[in-house]
Amino acid sequence: MAVFELPDWAALAPALILVATALALFVIDSINPHTKNRSLLAGTTAVGSLAALGVAVWFMVAGVGTPTAAGGRGVVELFGGQLVVDQMALFFMTVVSVVTALVAVASYDYMGDHAYQAEYYSLMMLAATGMATMAAANSLVTIFIALELASLPSYALVSILKDNRGSVEGGLKYFLIGALSSAIFVYGISLVYGATGHLQLEAIADNLQGAGEYGGLLGLGILMLIGGFAFKTASVPFHFWAPDAYEGAPAPVAAFLSSASKAAGFVIAFRVFTTAFPLEPTTAVIGVDWTLAFIILAIVTMTLGNFAAATQDNVKRMLAYSSIGHAGYALIGLAGLSADGGEIVMGAAMMHLLVYGFMNTGAFLFVALAEYWGVGRTFEDYNGLSNQAPVACFALGIFMFSLAGIPPLGGFWSKYFLFTGAIQAATANSAMLIVAAALVVNSAISLYYYARLVKAVWIEDPVSGRDTLAQPTGLYAAIIFAAVLTVVALPVFGPIADAALEAATVAIS
Amino acid sequence: MTNGPQLRLGESLLPGILAVALFGVMAMIALNTGFADEMVGFPEGISVTSEIGYALFDFTALQSTEGSIGNTEPFLVSFLLVAVVLDAALDAALVLAKRETEGKPIAALSSVSTGDSASTQPAATDGGAEDGSSRSSGGEQR
Amino acid sequence: MNVPIEYFVLLSMALFSIGLFGILTRRNALMFLMSVEIMVNAANINLIAFALYHGNLTGQVFALFVMALAAAEVAIGLGIILVLYRNFRDVDVTVPTTMRW
Amino acid sequence: MTYELIAFALFAFVTLASALGVVLLADPWHSALMLGVTLVSVAVYYVMLAAEFVAMMQILVYVGGVLILITFAVMLTQRDDADVDETDEVVQT
């Protein structure tokens, strides 16, 4: 097909481009310290992440990571199986790099007068590198290191407004919970290592048969691993950092964390549980079906997130809780796995994370725009914004209705696939019926508070005495681009669904 | 700083019970695990440290295959990733530790006085004696 | 090797529980960091004991990486704690409650 | 009963006691010192488990790096007012 063959390691190109961009930003910073050349810095970041996005999409279309039997170029295993590039890895690299690009463009205006421009963008690229590496990591060692690479810059990004007490407090809470959960995660890894003697995911799966005596140890280890994933995806046992961190963080950083970081957390959960702990042998060893844990977590997470979101007055906090709720929806992808398949739920969860990447980033960027204007934080403060900024408010309407899952928009289709997948999985495990019911009920609740924001913006009378609002180019461009992506996701939803299903099938088999 | 060590035991009863219960559960699991009596151990005559080095850099050709020490996984990519992580940590720690004056970052550790105070008070090895003549023209006239 | 593996596992579990206890009781952010370090050390004891038990070096090399990452994490944590101290004049994690500002 | 087992029991006692000291002592500065004892005694197990290199790194990285950083921060954030002793149940713990 191609005139020349790229070497195997080139399959990592998206992650390599991201890290190269981070290093380029270091170089810019060291040549000209304290540079305020925002166009150069934000431009470099955006170009780097768009290049990573382009390469990832190109690889996916070209069939890298599809098994040769299915007409592709085969799953690329690198460094002795420590990294693997398959369709799922490329899919999530796409999600991460598109969110990074949006956030970088939006930060051009939002972080306009900040003292640490170059550091901000390089930290963001390093975190994006970590997330892209998480997508490809295939050993508990690389997973842990990539998780730290994604987390450590995020702590600093959340608290980068060093004089803002909210930002520092959010960063502190994020860091403390992150440090605790990574300690629990590494203890879980040590127990899994004790039970199987390996850390590479396929090797763990191969050693499961001989691990019969270590069932308790392995079960405890898996439980602790779930704790680590829950932190990264902001789901229930370790979700309570999310509202504070998202509310305190600069809004573009909150968008970055709630979309890209969550997606990256899910990809390691998907990979670990499909590759290292296949359902049947693991159940034989530990005696419990691990999907049970995810069923409980999914229901609790989505219910808690949506009910808490419905009681909020602060828009950013409402979005933070709704992001917890969406983590619950995506958890269905793991809860619905069964011994004889489940690629439809997992594919649906991947679709949801992609669409969620667009619409949630867009929603947080609208909050960034409102913070840039300085209109305030509560629903009332947003009243009547549509008079002054109709375009942005129209985009907000798209994001809100897509998040709520109103039929023609992308969010509806991914939720629809999740629902049908859950119903289908109910033939193997009737508890999935409860999950499907919870999904429907929670979507209905979420419509209430999403519609409340749209109503505030479009229907309520505007607050008197508000000046005309500025139109920052970068923020507007990012919001409109996110809205276009949310809408465009509709006609191309077929290919997206195909890609996600195919990726899920490859990952599960 | 000079007070002796003090234990603080108040209001830690419930977490204490929780921790002991957690330890109990984990210990039950560990004791019910059928560990083999003998550890496999490392074969005699092989330097563990050099094997760690080979594993770190994927020198699989050099790794010894006798015994089972050769089952070690390759770690080159982890090593490279850790290098990036330490970069990120350095960057982040610097951003956080730096101080700003009027929005401009200055060195992470700096004295309160700014650069121009050094010109008004030149260093003079006179034991800190202050008389106007030595200050105006440095310490040379003494 | 004369010390059975169970003893090491029990020791590391006890250390882990102590670390968790510290996290639950202490409100000083620095104490929180120290307790996390104890928990990470518990994991490292496990990793190295199991490395000898299984006869491969994976656990030992991973323990080295965990140490490096713990050091990096502490560096960032102390940065955040210093910024916190500058803003609130305290390192008590319950003092910052501005989140409804 | 072998010497190794006795040594293990002794050091296990030291480790657990000092770890309890870390979480129970009132003054963060004392806790940091106890953390140092814990970290050094953990290195002993690594030597017992044929991991001499890791033991060395434990001393170098943890005791030489992490512990120094933590004591540094304890010193920097220590409240220097005189009412520390009376109010430390609230302020310091």
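The values are calculated or read from the model by the stated rules, or taken from the named source; none is laboratory data. As the structure is a computational prediction, the values presented were derived from the model and not from experiment. Methodologically, a virtual Cβ is constructed for each residue, glycine included, from the backbone with ideal geometry; neighbour enumeration extends over all protein chains shown. The area values use the complete protein model at the heavy-atom level, side chains included, leaving out ligands, DNA and RNA. Shrake-Rupley method; radii C 1.70, N 1.55, O 1.52, S 1.80 Å.
Nearest 100 Å² is fine: how much accessible area is buried between B and A, summed over both sides, with a 1.4 Å probe? Please list the in-between numbers first.
Numbers: alone 12580 and 17940 Å², together 27610 Å².
Using a 1.4 Å probe on protein heavy atoms, the buried area is about 2900 Å².
Need the list of lysines near A:Lys232 for cross-linking: C-alpha distance under 20 angstrom, and skip anything on the same chain fewer than eight residues off.
Partners within reach: A:Lys173, A:Lys262, A:Lys316.
Largest first, how would A:Thr473, D:Thr15 line up by accessible area (1.4 Å probe)?
A:Thr473, D:Thr15
Using a probe radius of 1.4 Å on protein heavy atoms only, what is the accessible area buried between chains C and B, both sides summed, to the nearest 100 Å²?
Counting both chains, the buried surface is close to 3600 Å².
What percentage of the solvent-accessible surface of the range A:289-509, computed with a 1.4 Å probe over protein heavy atoms, is contributed by carbon and sulfur atoms?
67
So what is log10(I(q)/I(0)) for the range A:289-509 at q = 0.13, 0.15 1/Å, when the Debye sum runs over its Cα atoms only?
The Cα Debye sum returns log10 ratios of -0.72, -0.91.
Sorted by accessible area (1.4 Å probe), largest first, how do A:His352, A:His198 line up?
Per-residue accessible area, sorted high to low, gives A:His198, A:His352.
What's the angle, to the nearest 10 degrees (0 to 90), between helix A:493-508's Cα axis and the longest principal axis of chain A?
The helix A:493-508 is inclined about 40 degrees to chain A.
Give the angle, between 0 and 90 degrees and rounded to the nearest 10, that separates the Cα long axis of helix A:291-310 from the longest principal axis of the Cα atoms of chain A.
10
Would you work out the relative contact order for chain A, in percent, from Cα pairs under 8 angstrom that are 6 or more residues apart? List each step's numbers first, then the result.
Numbers: 933 pairs, mean separation 78.2, N = 509.
Computed over chain A, the figure is 15 percent.
Skipping prolines and chain starts, which residues have an amide H placed within reach, meaning under 5 Å, of the one on A:Leu83, given they are 5 or more residues away or on another chain?
A:Leu78, A:Asn138
On the principal axes of its Cα set, how long, how wide and how thick is the protein assembly as shown? Give whole Å, largest value first.
Dimensions of the protein assembly as shown along the principal axes of its Cα atoms: 86, 75, 61 Å.
Kindly write out, for the range A:171-186 in residue order, the coupling ³J(HN,Hα) from the Karplus curve 6.51 cos²θ - 1.76 cosθ + 1.60 (θ = phi - 60°), rounded to whole Hz, with x marking Gly and Pro.
In residue order, the calculated couplings are x, 4, 5, 4, 5, 5, 5, x, 5, 4, 6, 6, 5, 5, 4, 5 Hz.
Set the Förster distance to 56 Å, then compute FRET efficiency between B:Leu94 and A:Ala293 from the Cβ-Cβ distance, nearest 0.05.
The value I calculate is 0.90.
Report the Stokes-Einstein translational diffusion coefficient (µm² s⁻¹, integer) for the range C:1-91, Rh taken as the Kirkwood radius over Cα pairs, at 25 °C with viscosity 0.890 mPa s.
Rounded to a whole number, D works out at 169 µm²/s.
In terms of solvent-accessible area of protein heavy atoms at a 1.4 angstrom probe, what is the ranking of D:Leu60, C:Leu69, highest value first? Don't jump to the answer; show the numbers that get you there.
Numbers: D:Leu60 100, C:Leu69 5 Å².
Sorted descending by solvent-accessible area, the residues read D:Leu60, C:Leu69.
Show me, for the range A:270-283, the HN-Hα J-couplings you get by feeding each phi into the Karplus relation (A = 6.51, B = -1.76, C = 1.60, θ = phi - 60°), rounded to Hz, glycine and proline as x.
Taking θ as phi minus 60°, the curve returns 4, 5, 4, 7, 8, 8, 7, 10, x, 4, 5, x, 5, 4 Hz for the range A:270-283.
How large a share of the accessible area of the range C:5-88, in percent, is made up of carbon and sulfur atoms when the probe is 1.4 Å and the other protein chains stay in place?
64
So what J values fall out for the range A:471-479 if you push phi through Karplus, 6.51 cos²θ - 1.76 cosθ + 1.60 with θ = phi - 60°, rounded to Hz, Gly and Pro as x?
10, x, 4, x, 4, 4, 4, 5, 5
Please report the buried accessible area for the interface of C with A, total over both chains, probe 1.4 Å, in Å² to the nearest 100.
Chains C and A together bury approximately 4000 Å².
Could you bin all the Cα-Cα distances of the range D:3-91 into 5 Å bins starting at 0 and give me the percent of pairs in each, rounded to whole numbers?
3, 14, 19, 20, 17, 11, 7, 5, 4, 1, 0
May I ask for the angle, rounded to the nearest 10°, between helix C:58-88 and the longest principal axis of chain C, with both axes built from Cα atoms and the value confined to 0 to 90°?
Result, in degrees: 10.
Quick check: at a probe of 1.4 Å, how many percent of the accessible area of the range D:3-91 sits on carbon and sulfur atoms? Before the final figure, lay out the partial values.
Working: 3040 of 3910 Å².
The value for the range D:3-91 is 78 percent carbon and sulfur by accessible area.
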